[in-house]
Every structure is written in C-alpha cells, then in structure tokens.
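Here the structure is laid out as structure tokens; the discussion comes afterwards.
The values are calculated or read from the model by the stated rules, or taken from the named source; none is laboratory data. Here the structure is a predicted model, which means the values were calculated and not measured. Note that we place each Cβ from the backbone using ideal geometry, even for glycine, and neighbour counts take in every protein chain shown.
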Amino acid sequence: MSTDISPWGVVQFSEQKEVHLEWERLRVRVIKRGSDLLLVEHRGSSETVQLGDDPESDFRRYAFQSPVDAIHVQPRMPDRPIVVHPLHPLRLAPKAHVDFYVSIPVDIQLFTGDPENRETLERIRSEILSDTWFGDQIGGVLCYAVKSRARRECPTSESAQSTRAICKVQIYNKSREQLHCTKFCLRLNHCHLWQHGTSLWTSPVNVRYNGSDQLSAIDYSEKAPVEAVGAVKIAEAEEAPLSGLIRRTFAGLGTAFD
Amino acid sequence: MKPLDLNTVLYALGILLVGLTIVFAVSRLITRMMKPHFSPHHLLLAQKAFLYVGIVLVVCTVLIHLQVNLTAVLGAAGIVTVAIGFAAQTSLSNLISGLFLLGERPFEVGDIIVVGTTRGVVLSIDLLSVKLRTLDNLFVRMPNETLIKAEVTTVTRFPIRRMDINVGVAYKEDVKNVIRVLKEVVDANPNSLNEPEPLILFKDFGASSLDFLVGVWFEKSKFLVLKNSIMREIKERFDQEGIEIAFPHLTVYAGSDTRPFPVQVTPN
C-alpha cells in the first residue's frame, strides 16, 4: 500500500495497487483493479477508510481502456461564487480602502492522463459549505456561504491549511458614503491558484465600491499576491481573469450595500 | 380553366413533397441553431410559427400550380370558417386561449405547474392544449381554455422557494430551547440557504401541541433532498435533546367532568 500523502501533483501507483490521499477533513483512497479505479471518500473522524470486497463499501468505480499508472491531484476554486460573511461587520469610511484575507475551502480535482489531455475522475469538495443566495427572491445567484474572520493581517504559513486558499480582497470605497460591509460576493472562477510553500493563494481581488446606487467594479489580477513572492501557479482560473468587471458585490439594504 | 395534365399534377406533387421536406428541415435547423441562445419555450414558438407559415405557403404554391383560384378558395374559406366557428366553439376558444397563454407566458416549457389537483412538468404549449408530464409519469392534455379560467401555480417560476414545515411539540417543552434546536438543525443543513434567513415561528397554542413553523429557503431543484434530510434531522435532533414531538391527546370523561373515569384493575 502506498502512503504517498503529497497534497498536490502526480501520485504514482507504482507496484502498489492503491494510494491514500489525506487532508485535514478529508481522506480519499484510490484502488487500482485491472483497468478500473475505485474511489472511496471519507470525511470527519480518523477511522480507516474501508474498501474491499465488502458490498456495503460506498465506492465509486471508473473504467478505463488500459490500466492507469498515476493520478493527478489539483486544487480548484469552488464551482460557485462565494458569499463571505465577516464575523465582525466593517464600516468603511468614504475614500478609504481596506485589505482582507479570506480563507476559502478549495475543491480537489482528481484526473488521469497529462494536464493537456486530462480525464477528470472526480471533483471533491474539501468542505461541505452551506448554500446561500445572493440577490432577492426573484433573481440572484446560488452561492456557497463562508463565514470568515476576514483578517486584516497577512496569515502566516504556519496557520495555513492544505485545503484552504487565502484570497486577498482589497476594497476601495470610491463613494462619498460610508460602506457598511456585512457580506460580499466573490466570483472566484476568475482567480488563478498559487502554491507558496505549504500555503495556497488565489489571485488578489480588487473591489471598487461606487455607491449604493452603482454597481461595484472588480479586478481579478493575473499575478500572485505580493505576500506570496515566488509562488508557483498550481491551477489556472476556470474563466479568464477580468479587469473592470461590473458586478453587484455588496448586498443587503437597498440594492448594493448593507 | 384548362384541364390538368399528368405533368402538372406530378409537378405539383413534387412541389408539395420537396416544399414540405424543406420546411421541416429548415424548421429543425432553426431549432438547432437557436437552442444555445433561447429557452425551450421560445424555441417551440419559433419552430411552430415557421412550420405553420411554411406549410401554408407550400400548400398555396401547390394550389396555384393546380390552377386553383385562391381568391375563390379564400372567400369560400371565410364562409367555411364561420360555419366551423359555430360548430367548433370549444376548439376556437382553446385556440384563442392558447394565443393568450403564449402572449402572457404564465409558464414556460420545462416549468412545473399546478392546476387544480394536477401537478406536472410542461412538455409543450400548443395552440389547443398544454401537454404535461405529471411527477408520477402520466401524460396529461390540458385544454388551453381550462388554463385561462383556472388558477395556475408555477412552482418553478422563481429560482428559490421556501419550504414550510409544521412542527408540534409537547406543552411541557421549553419554547426557547425548541427554537434554538430548530435553528441549529436548519443552519447545519447544507441545502438550506443561509440567505434569505430561515423563518422559525412559534405559531400557535394547538389543541395538543405547541405549534412551530420552520420556513427553510432552498434552491428550487433541491426540494426532495432538503425535504428528506431536514425532516430526518429534526426528528433525530429532537430525540437527542429529549424534546417530545406531540401527538393528539384525547381525554374522555364519563359523567361529571370533575370525576375521574373509573378504571378497575382486575387480577389475571
């Protein structure tokens, strides 16, 4: 049995017939049976991930034309926008700006083949996030809810979790009114993912708040944040990063802010 | 009018066959081209509009080649229409209702609607009727006139819905504790939306229970998964917390309401 616990990258089966992948709250066991792969996912407690001939085992099976030698493990941003609820709401003065560091649980994508010709096995959510709605009862977008401390200080690498990416959000209040920020919506499919030591970072997001009767302008950077100098790009954005995207970002009272 | 020769008839038949083939092919092509950009409802409308207009044009062309005087035909058609109008009032009513339905768009193809006791997915909106597939897979043809007259609920019109669950607990339970537990159960369910906030209401002093209403918002496609999970979770959590789910209590008095019902215990 292989005990390769490398969080990201290529995991070889070699002569062993199975690999174990382990993160903080999730363990995955992939077993090779001929040209089939069996996958068992386990969350929560540290019980052994069971699989065998037991028909009760809850595994998923993938059939390939020829035996698979390796699987690739890659972090991805969640497949929906994220609504971040800072634990402590913030009031941002006119013309002021603030930097937040938000920790976002990533998805884990397992695929075979080379990165250009990949066959996705599974996209697993590292944490089961609650659904939330950004908009009113008639129109809006389905999102995941993330409660965050929305730290003002850059987190240290010691506090990093392997399945969470740090997203630096810079909010500029360009309006002449105070911005009461109780939650904001991030469309992270425009962000690249970067690996810096043991930490994951997303491309920084800049939000310009233009007032309660205006939409916010959002820039998704192409580069790694300055806090992660020398970081390696580990996953491309699923949609091209955009500059000056006009979207509703803050919600609550009225149409654009709370 | 000259007598028709075989060539003219064959030519007209050829126009009919080729014309109808082209109409059906182009109608299908238009549907395929529009599919990525338009809703199924609009696709159906465009396809039917093109089909009907195309068929009429082909038939008119064939009639012209057969040297039929269209003016006379149209005049006769007017008279026939009046006659048919009297004979087929219901069909005409459905036809006109269908036009209103298409204009008003209270629902679209793919929506789930409720009309009276019928609940189903809209398969098509035609000129005379709307076709539904019920949730237990029955085919229902509903005349347009019925839909115009009846109250129609479009279940899937808005992207999110609220599921109302009535929960009754015994009178001995602590109301604050019940509200706390219900809130925790709803918050922990990943399919319940955080926003809009769930509604937890102490609704009533019931006959046998304290009645609570739990209103949980969810994305419209998650009805079944939420319903199954949250009902189970409420029951499990109430069992853990020792909260008694109430059931109807009935006290039977014999004679005076101040005297207890006589019960006699006899040995075996």
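Some observations on this one:
- Counted residues, the stretch B:169-195 - those being of a type outside the set (Ser, Thr, Tyr) and farther than 15 Å from B:GLU233 by Cα: 11
- Breaking point among (1) away from chain B (no Cβ under 14 Å); (2) within 15 Å of the chain's Cα centre (by Cα); (3) under 22 Å from A:VAL226 (Cβ atoms), for A:GLU153: (2)
- With respect to the conditions (1) crowded, with 16+ Cβ neighbours inside 10 Å; (2) within 25 Å of B:PHE38 (Cβ to Cβ); (3) not aliphatic (A, V, I, L, M), B:GLY103 falls short on a single one, namely (1).
- Which numbered condition B:TRP217 fails, given (1) touching a Gly at 6+ places or on another chain (Cβ under 9 Å); (2) of a type in the set (Phe, Trp, Tyr); (3) within 13 Å of chain A (Cβ to nearest Cβ): (1)
- In the stretch A:183-210, residue nearest to the chain's Cα centre (by Cα) [restricted to those that are hydroxyl-bearing (Ser, Thr, Tyr) and at pLDDT 85 or above]: A:THR202
To keep it simple, each residue is scored yes or no on (1) surrounded by fewer than 13 Cβ atoms within 10 Å (Cβ to Cβ); (2) of a type in the set (Ser, Thr, Tyr); (3) closer than 30 Å to B:SER221 by Cα; (4) assigned by TED's automatic domain parsing to the domain that holds B:VAL23.
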site: B:LEU95; (1), (2), (3), (4): no, no, no, no
site: B:GLY110; (1), (2), (3), (4): yes, no, yes, no
site: B:ILE113; (1), (2), (3), (4): no, no, yes, no
site: B:VAL122; (1), (2), (3), (4): no, no, yes, no
site: B:ILE125; (1), (2), (3), (4): no, no, yes, no
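- Within the stretch A:114-144, considering residues that are among the acidic types (Asp, Glu), outside any strand (DSSP E or B) and within 14 Å of another protein chain (Cβ to nearest Cβ), the one farthest from A:VAL84 (Cα to Cα): A:ASP136
- Pairing residues of the stretch B:19-47 that are over 27 Å from B:ASP111 (Cβ atoms) with residues that are modelled with pLDDT of 85 or more and in a helix (DSSP H, G or I), at Cβ distances under 6 Å and at least 6 apart in sequence or on separate chains, gives B:GLY19/B:VAL58; B:LEU20/B:VAL58; B:VAL23/B:GLY54.
- Residues located in the stretch B:190-238, provided they are over 12 Å from B:ARG162 (Cβ atoms), of a type in the set (Ser, Thr, Tyr) and over 22 Å from the mean Cα position of the chain (by Cα): B:SER208, B:SER209, B:SER229
- Pick from the stretch A:93-118, criterion surrounded by 18 or more Cβ atoms within 10 Å (Cβ to Cβ) and among the aliphatic types (A, V, I, L, M), ranking: nearest to A:PHE64 (Cα to Cα): A:LEU110
- Test result for B:LYS172, over 26 Å from the mean Cα position of the chain (by Cα) and not in a loop (DSSP other than H, G, I, E, B): no
- Residue within the stretch B:164-178 that is surrounded by fewer than 15 Cβ atoms within 10 Å (Cβ to Cβ) and within 13 Å of chain A (Cβ to nearest Cβ) present: no
- Positions within the stretch A:171-202 being more than 30 Å from A:GLY9 (Cα to Cα), of a type in the set (S, T, N, Q) and either buried (at least 22 other Cβ atoms within 10 Å of the Cβ) or more than 14 Å from chain B (Cβ to nearest Cβ) (or both), in sequence order: A:ASN173, A:SER175, A:GLN178
- Residues that are within 13 Å of chain A (Cβ to nearest Cβ) and among the charged types (D, E, K, R) do not occur anywhere in the stretch B:235-251.
- Yes/no for B:ASP136 being over 24 Å from A:LEU142 (Cβ atoms) and modelled with pLDDT under 95: yes
- Selected residue [loosely packed, with under 13 Cβ neighbours inside 10 Å, modelled with pLDDT of 85 or more and over 29 Å from the mean Cα position of the chain (by Cα)] from B:THR21, B:THR71: B:THR21
- Pairs where the first residue, in the stretch A:83-108, is within 14 Å of chain B (Cβ to nearest Cβ) and the second is of a type in the set (Phe, Trp, Tyr) and surrounded by 14 or more Cβ atoms within 10 Å (Cβ to Cβ), C-beta under 7 Å, 6+ apart: A:VAL83/A:PHE134; A:VAL84/A:PHE184
- 2 or more residues closer than 22 Å to A:VAL146 by Cα: qualifying strands (runs of 3 or more DSSP E) within the stretch A:156-245: A:164-173, A:179-181, A:184-186, A:193-196, A:199-202, A:205-209, A:216-220
- Any hit, the stretch B:29-41, residues being surrounded by 11 or more Cβ atoms within 10 Å (Cβ to Cβ), part of a helix (DSSP H, G or I), at pLDDT below 80 and not polar (S, T, N, Q): yes
- Set side by side, the residues B:GLU151, B:GLU173 differ, and just one is among the acidic types (Asp, Glu), at pLDDT below 95 and under 26 Å from B:SER221 (Cα atoms), which is B:GLU151.
- For the stretch B:181-195, the condition of being away from chain A (no Cβ under 14 Å), closer than 30 Å to A:CYS185 by Cβ and at pLDDT 95 or above holds for at least one residue.
- Checking B:MET231 against (1) within 14 Å of chain A (Cβ to nearest Cβ); (2) out of contact with any Gly (no Cβ under 6 Å at 6 or more places or on another chain), the condition it does not meet: (1)
- Flag if B:ASP136 is more than 14 Å from every other protein chain (Cβ to nearest Cβ), of a type in the set (Asp, Glu) and closer than 17 Å to B:GLY110 by Cα: yes
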